[in-house]
Amino acid sequence: MGFTTKLLHSDRRFGVEHGNLVKPMHPGVTYGYEDVHDLNAVFQGKQKGYTYGRQINPTVEALQQKINLMEQGHASLAFSTGMAAIGTMLFALLKRGDHVVASQYLFGNTASLFDSFSRHGIEVSFVDMVEAEKVEAAIQANTRLLFVETIANPRTQVADLEGLGALCNARGLIYVIDNTLTSPYLFQPREVGATFTIHSLTKYIGGHGNALGGSVTDLGTFDWQAFPNILPDYRSGDPKLYAVNQMKKKGLRDFGGSLAAEAAHRLSAGADTLALRMEKACDNAAALASFFESHPAIERVYYPGLHSHGQHARVKQLFQRPGAILSIEPKPEIDYLAMLNRLQTVVKATHLGDVRTLAIPVAHSIFYEIGAARRADMGIKDHLIRFSVGIEDVEDLLSDFEQALG
Ligand SMILES: *Cc1c(COP(=O)(O)O)cnc(C)c1O
């Protein structure tokens, strides 16, 4: 089955309720049993069933199955936000004295989260991952995990995802790919040997800016039996589920970043149209990128679909399409904040992957707190503006930018 067909019939594949085509919303928190022996057996993991909403919920479970289908995973877990997914995964699987190699061009909050982990005794090295050879030098005897995003925000650098996969495989490292900016429709981390795919479901998968969520998918590629941080309690049953079991208990249960049923319901409906939205957003982004590239007021355009992009060949090889995130640097004489204020259709807002086109001057907003030095390391200039291109009629976007640029 194709990508979309599979999603449209996902809920029915995993159990129909009252003939419903989509999984109903179950906001209930606890589950009663006629026979207390069953309750005990569920708690002891000897019988399948529901216990308490922090760990398991039927609506959330249906979404997890859908994510798993999209990513061709072995098992997926959903969380209250993308940050909860990343934080819980790291918290459950790493310990004091471990070392992580992370991309230098991370989503700001993820970089901030790694800074926090480094205060709790987990060493972190931030490395430019555009060339895998440079990453090899950062690996130490205590390195456990490598973390990278598919398209860096806001400069759109694309790491050597394939080379990093080979490296992690050779060194036995957990390879985490945050696939938020590409979505499983444009890129399948499984193809480059990833261990986990991460999503902020809030972005493209949900798509409508009406629910927060995150996910971790174990692609079933890692040998957890050889991984020292799996605790004895979670070393039973399918060895491919050791990490997921530990994340469920030490992460979801103990940390409590659980997704609400209502959010899961909305995110699941959003996922059904991911392919359609992504195609349209990529069409619009390509049109805007070439408009900006030939516009006299614009100095630079960063978009993975342009020939001028540093990793254009890699993007063509790895991704179905180059995505819908693009950034520009207007010429110095342009008052870029005034230009943004003239926009009427495009919305000045943070967030990405929305059906609406959003614009943000990142140095003054989402990358303000990290300071000028770190921004310089990341190649973020004061006048860099990031767009998350939506699915509007392209003529409306073009005419809005035409009038705003004057
Ligand atoms: C937004 C985002 C996150 C965090 O997701 P939330 O759902 O906002 O917590 C993580 N990674 C990337 C690449 C993101 O864009």
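Couple of notes before you dig in:
- Three-way shape call for region 274-405 based on the alpha-carbon gyration tensor, with the a/c threshold at 1.5: rounded
- For the chain, DSSP calls about 55 percent of its internal beta bridges antiparallel.
- Exceedance of the 21 Å cut-off in Cα-Cα distance is limited, within the set K134/K381; K203/K280; K46/K248; K23/K249; K48/K240, to K134/K381; K23/K249.
- Within the chain: Cβ-based charge dipole about Cα centre, in debye rounded to nearest 20 (Lys, Arg +1; Asp, Glu -1): 880 debye
- In this view, the solvent-accessible surface of D254, computed with a 1.4 Å probe and all protein chains in place, comes to about 80 Å².
- Each of E17 and R356 was given a label point 7 Å from its Cα along the Cα-to-Cβ line. The distance between the two points is 3.2 nm.
- Simple spin-label estimate for N229 and Q47 in nanometres, 7 Å along Cα-Cβ: 3.5 nm
- Residue-level accessible surface for E131, protein heavy atoms, 1.4 Å, Å²: 90 Å²
- Mean ellipticity per residue at 222 nm, deg cm²/dmol - from DSSP H runs of n ≥ 4 across the chain, formula -39500 (n - 2.57): -10000 deg cm²/dmol
- Ranking R12, R314, R96 from most to least accessible surface, computed with a 1.4 Å probe over the protein chains only, gives R96, R12, R314.
- Packing-based order for 215-221, 362-368, 278-284, 31-37, using average beta carbon neighbours within 10 Å, highest first: 215-221, 278-284, 362-368, 31-37
- Computing FRET efficiency as 1/(1 + (r/R0)^6) for S116 and D335, where r is the C-beta to C-beta distance and R0 is 35 Å, gives about 0.40.
- Cα gyration tensor category, rounded, prolate or oblate, for region 103-184 with a/c compared to 1.5: oblate
- Taking a ≥ b ≥ c as the square roots of the eigenvalues of the alpha-carbon gyration tensor, region 162-294 is classed oblate because a/c is 1.5 or more while a/b is no larger than b/c.
- Placing pseudo-labels 7 Å out from each Cα toward the beta carbon at Q317 and H37 gives an inter-label distance of 6.0 nm.
The values are calculated or read from the model by the stated rules, or taken from the named source; none is laboratory data. Quick caveat: nothing in here was measured; it's all calculated off a predicted structure. Glycine gets a Cβ as well: all are built from the backbone with ideal geometry, and neighbour counts include every protein chain shown. Surface areas here come from the heavy atoms of the whole protein model, side chains and all, with no ligands, DNA or RNA. Shrake-Rupley method; radii C 1.70, N 1.55, O 1.52, S 1.80 Å.
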